[in-house]
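Below is one structure; the comments refer to it alone.
The values are calculated or read from the model by the stated rules, or taken from the named source; none is laboratory data. Just so we're clear, the structure is a prediction, and the values are computed from it rather than from any experiment. When we count neighbours, we look across all protein chains shown, and the Cβ atoms used for this are built from the backbone with ideal geometry, even at glycine. Just so you know, the surface numbers come from the protein's heavy atoms only, side chains and all, with ligands and any DNA or RNA stripped out. Shrake-Rupley method; radii C 1.70, N 1.55, O 1.52, S 1.80 Å.
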Amino acid sequence: ADPMLGQVFYNLIDNSLRHGGERISGIRLSTMKEVPDLIIVYEDDGVGIPPEEKEKIFRKGFGKHTGLGMFLIKEILAITGMTIREVGTYGQGVQFEIRVPSDRFRFP
């Protein structure tokens with residue numbers, strides 16, 4: 001795996017804890033196969049992201065802290081051909097889908 005992948009998950013967890021609100025009680029990681037790719041799903045049960053901000057959060061400078069966290073996540077993933085998008089429901093938490101191309105993963 002890309003050595004920076006750990007930083008991606010660190011930033012996601014940091015964002016959940018920082019912006020998820022007082023109601024956040026859990027974070028979950030799972031995977032699903034979407035032929036031919038692999039989808040890594042990151043979810044929390046915090047406040048979520050308003051629909052009008054779902055694309056903006058990946059822009060450099062957008063956000064409530066440094067404005068770099070989600071931007072860096074997207075850039076780190078792009079180095080190895082991965083993409084990320086937010087598909088959660090506002091008020092129910094975030095749900096990020098990280099798409100891993102078929103030539104970038106394997107199951108032994």
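Before moving on, here are some points about what is shown:
- Segment 3-15 residues that are without any contact (Cβ under 8 Å) to a residue 40 or more places away in the chain, paired with ones that are outside any helix (DSSP H, G or I) (beta carbon under 8 Å, 6 or more apart): Phe9/Leu29; Phe9/Tyr42; Ile13/Ile27
- Scanning segment 35-79 for residues that are in contact (Cβ under 8 Å) with a residue 12 or more places away in the chain and open to solvent by less than 60 Å² (accessible area, probe 1.4 Å) yields a count of 23.
- Qualifying residue in segment 3-17 (condition: exposed (fewer than 15 other Cβ atoms within 10 Å of the Cβ), more than 29 Å from Arg104 (Cα to Cα) and modelled with pLDDT under 95): yes
- For segment 82-108, taking the residues that are small (Gly, Ala, Ser) and in a loop (DSSP other than H, G, I, E, B), the one that is surrounded by the fewest Cβ atoms within 10 Å (Cβ to Cβ) is identified as Gly91.
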